[in-house]
Amino acid sequence: MEKQIDVVAMQTRLRQQQKVLVERLKVEREKAKPGSMANPDRADLAHEYASRARRISMVEQLEDQIEEINKAIQRIEVGTYGPCTNCGNSILPERLEALPHAELCIDCQRAK
C-alpha cells in the first residue's frame with residue numbers, strides 16, 4: 001500500500017516555508033542595495049561589488065524558491081498536487097516529504 005500525502009499538513013508546511021523565505025528575501029534585498037562609503041578605495045569598492053553580487057544572487061535564488069512554493073500551493077488548491085507535472089505519474093511521497101515543492105517525479109527530474 002502506497003503512503004498517502006496529507007495535503008493539508010503539506011500546505012501548512014509550504015506556507016510556513018513561504019513566510020520564512022519572504023522574510024529572508026526582504027532582508028537580502030535590503031542588504032543588496034548599494035552602500036554609501038565615505039572615501040572608498042579600490043579594495044573597498046571591489047569588496048562592496050563582490051558582496052553586492054553575492055546578495056543579488058541570493059535574492060534571485062530566494063525568489064525562485066518562493067515561486068516554486070507558490071506553484072506547489074496552487075497545485076494543492078486546484079487538486080493537482082502529487083502527480084508529476086510532466087508525465088502524470090505519482091511523485092513518491094518520500095520525495096514530497098523531502099522536497100514539498102517538487103513538481104517532477106525522480107525519473108523526469110533526472111531526464112531534465
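The values are calculated or read from the model by the stated rules, or taken from the named source; none is laboratory data. Note that the structure is a prediction, hence the values are computed from the model and not measured. A quick note on method: Cβ atoms are made from the backbone with ideal geometry, for glycine too, and the neighbour counts reach across all protein chains shown.
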Task: Residues that are touching a Lys or Arg at 6+ places or on another chain (Cβ under 7 Å) and of a type outside the set (Ser, Thr, Tyr), drawn from the stretch 80-100 - done: 93, 100
Task: helices (runs of 4 or more DSSP H) completely within the stretch 2-112 that count 3 or more residues being free of Cβ contacts under 8 Å to residues at least 12 places away in the same chain and among the hydroxyl-bearing types (Ser, Thr, Tyr) - done: 42-78
Task: Selected residue [touching a helix residue (DSSP H, G or I) at 6+ places or on another chain (Cβ under 8 Å) and either acidic (Asp, Glu) or loosely packed, with under 14 Cβ neighbours inside 10 Å (or both)] from 67, 60, 23, 103 - done: 103
- [ ] Mind counting the residues in the stretch 1-13 that are at pLDDT 95 or above and farther than 12 Å from residue 97 by Cβ?
- [x] 2
TODO: Please work out if residue 48 is over 29 Å from residue 112 (Cα atoms) and surrounded by fewer than 13 Cβ atoms within 10 Å (Cβ to Cβ).
DONE: no
